[in-house]
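The values are calculated or read from the model by the stated rules, or taken from the named source; none is laboratory data. Bear in mind that the values here come from a model prediction, so they are computed numbers and not experimental data. We place every Cβ from the backbone using ideal geometry, glycine too, and count neighbours over all the protein chains shown.
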Amino acid sequence: MAERNSSPPSTPATPPEADPAAITKRVLVRAAVYGMRTEHTDWDKVGTFVARSQQTTATLAREVSGQPLRAIPPRATPSRSR
Amino acid sequence: MSELTQRSIGWLSAAYDERRASPVEVTQATLDRIAALDGELLSYISVLADSALDEARRAEQELFAGRRRGPLDGIPIALKDLIDVAGVATTGGSLHHRDVIATADSDIVAQLRAGGAVIIGKNNLYELGMGLPMPGEWPVPARNPWDLERIPGGSSSGSAVAVLTGLCAGSYGTDTGGSIRGPASYCGVVGMKPTYDLISRRGVLALSWTLDHVGPLGRTADDVAALLAGASGSSVELGDSIAGLRIGAPQALIDSTDMEPAIGRAFDEATSVLRSLGARLQAVELPELALTEATLLAIIGSEGLANHLPALADRPDEFGVSARERLSAGLAYTGVDYVNALRMRDVVIAQLDELYRSVDVLVSPVVLQVAPKKVDFERNPPHRTPFTGIHNIVGGAAVSVPAGFDGAGMPIGMQVAGAYGADALVLTVARSYEQATDWHTRRPADPSTRTA
């Protein structure tokens, strides 16, 4: 169900531990979608590199779930309002 | 060494106006110094000696005829090698771009040329503004002039090294999460990330369109103000005093990090200096670090991969190991992740807008450590930017100013950050701090004069 303006966070307080091996597998699938040559890259290292930030990405999703839906999209560039 | 290569931009400009020095003389002295030192420092990827001397002759004619075109007329300036100069390769520090010749000047170069600046060369950098240098890869990274076994930081590494050692009067770098301010702190120069797009990004090789900033590095806050004015075309007038200024320090964030003790001591002493100048210091809270880091990573990861994907997909062997892995990490982010990061960016902007109602500027350390030894860096590179990245998210002005040295003689910087458009204000604080200290005046011995 889509969020509502006052909906409380519904995801766990602590995001699940990111699994580098699972990330590596997912990343390789996407690399194939984009037609990337894969033979030069250590994909296990990519998975490990991503693991930490994936945890925080889950945190992002949780945090913004409390934000109201907006009539305008989020800004893609910093504010010039001040 | 010619003293001309150590002079401030203000001194040189006055000397030109009074004919005590000439642009050709200063440009030649700078080129001679590059020839003498840069074999060791490696701060340049390309030196544009012939065209620089042509530009210096033209500047000399104009200035000596009483026609000043701008604050950088006749001043030898360098550019990070992500910035297009027509007819010159913009390598981006990457094999993939090494032979790609720019067909037109970037906006910043056009602006600098119109103001009479002398473009002396293109500075070394970390690959595409984000890859870490690895042994055996091109280009060989620049070295820290305070200790050649240490790194100068990145990604605007060559810019900081060249400015510190007088291999240019000022340089322009790019900063997506701290890539100007970090090297400035590691090398002991002033480095500024101006307000977003105050200096045009057109013609600058992008990493992340919405986080990239082009900004100046100089030896003093006044020099950086002149460099900012010269590249943006806008007036940058600094104030005379910071008495009564409300300065916030994110003390809880500072206390939560595992920074080297010398960094903390230098910061405490710096805030004491600011208090002695009449500023009112108060502790403030910034948005949660985990959120700002996640926002930054998701945006850089998504935009960086989108930008470089065509080349990375076809020619991965033309990217360094680190750049390849870091760009490929962007594959992990989904469209939802990117949109959530933009939503969080809105929240962070609103929180800092609110914070800047109660304080005029924020001060903090710049990085968590002094410049590490190259061998340590290659084994375990510092990867966190808890103090700098948030200002890329928000787009406000932020500057690193020299604020001390550790026990090994390595420089330490202090960051002064402000709201969108507060460029002159943060430079005013930096200059007031400089006037009360002498950290910015210290210089390392030239490599060639050192004893083993």
Query - Restricting the range B:340-358 to residues that are surrounded by fewer than 24 Cβ atoms within 10 Å (Cβ to Cβ) and at the interface with another protein chain (Cβ under 7 Å from one of its Cβ atoms), the residue that is nearest to B:Leu297 (Cα to Cα) - result: B:Leu342
Requested in this report: Hey, could you check the range A:54-79 for residues that are more than 7 Å from chain B (Cβ to nearest Cβ) and modelled with pLDDT under 70 and say which is surrounded by the most Cβ atoms within 10 Å (Cβ to Cβ)?
Outcome: A:Gln55
Query raised in the report: Is it the case that B:Pro250 is of a type outside the set (S, T, N, Q), over 24 Å from B:Val100 (Cα atoms) and touching a Gly at 6+ places or on another chain (Cβ under 9 Å)?
Result: no
Requested in this report: Would you confirm whether any residue within the range B:170-184 is modelled with pLDDT of 95 or more, in a loop (DSSP other than H, G, I, E, B) and of a type in the set (S, T, N, Q)?
Outcome: yes
Requested in this report: Check whether at least one residue in the range B:237-251 is within 21 Å of the chain's Cα centre (by Cα) and more than 30 Å from B:His308 (Cα to Cα), and report yes or no.
Outcome: yes
Report task. For the range B:117-125, indicate whether the set of residues that are in a loop (DSSP other than H, G, I, E, B) and closer than 24 Å to B:Pro316 by Cα is non-empty. Result -> yes
Query raised in the report: Given the structure, is B:Gly115 touching a Leu at 6+ places or on another chain (Cβ under 8 Å) and surrounded by fewer than 24 Cβ atoms within 10 Å (Cβ to Cβ)?
Result: yes
Query raised in the report: Is it the case that the range B:356-365 has a residue that's of a type in the set (Gly, Ala, Ser) and more than 22 Å from B:Gln251 (Cβ to Cβ)?
Result: no
Report summary line: Expected single match for over 28 Å from A:Leu60 (Cβ atoms) and among the acidic types (Asp, Glu) among B:Glu325, B:Glu260, B:Glu288 is B:Glu260
Requested in this report: Determine which member of the set B:Arg33, B:Arg58, B:Arg20 is more than 20 Å from B:Ile83 (Cα to Cα), crowded, with 21+ Cβ neighbours inside 10 Å and among the basic types (Lys, Arg).
Outcome: B:Arg33
Query - Residue among B:Gly304, B:Gly330 that alone is within 11 Å of chain A (Cβ to nearest Cβ), within 26 Å of B:Pro381 (Cβ to Cβ) and buried (at least 23 other Cβ atoms within 10 Å of the Cβ) - result: B:Gly330
Query raised in the report: If you go through the range B:113-121 one residue at a time, do you hit one that is in contact with a Lys or Arg (Cβ under 8 Å, 6 or more places away or on another chain), under 21 Å from B:Gly39 (Cα atoms) and in contact (Cβ under 8 Å) with a residue 12 or more places away in the chain?
Result: yes
Report task. Report yes if some residue within the range B:346-354 is touching a strand residue (DSSP E or B) at 6+ places or on another chain (Cβ under 6 Å), closer than 22 Å to B:Ala290 by Cβ and not small (Gly, Ala, Ser); otherwise report no. Result -> no
Requested in this report: Would you check if there is a residue in the range B:27-38 being over 23 Å from B:Pro152 (Cβ atoms) and of a type in the set (D, E, K, R)?
Outcome: no
Query raised in the report: Out of all the residues in the range B:308-323, which are in contact with a Gly (Cβ under 9 Å, 6 or more places away or on another chain), touching a residue at least 60 places away in the same chain (Cβ under 8 Å) and at the interface with another protein chain (Cβ under 9 Å from one of its Cβ atoms)?
Result: B:Phe319, B:Val321
Query raised in the report: Which residues, taken from the range B:96-111, are under 19 Å from B:Gly230 (Cα atoms) and either in a helix (DSSP H, G or I) or among the basic types (Lys, Arg) (or both)?
Result: B:Asp107, B:Ile108, B:Val109, B:Ala110, B:Gln111
Requested in this report: Among residues belonging to the range B:126-158 that are in a loop (DSSP other than H, G, I, E, B) and on the phi > 0 side of the Ramachandran plot, point out the one that is surrounded by the most Cβ atoms within 10 Å (Cβ to Cβ).
Outcome: B:Gly153
Query raised in the report: Are any residues in the range B:84-112 surrounded by 18 or more Cβ atoms within 10 Å (Cβ to Cβ) and polar (S, T, N, Q), and if so, which ones?
Result: B:Thr90, B:Thr91, B:Ser94, B:Ser106, B:Gln111
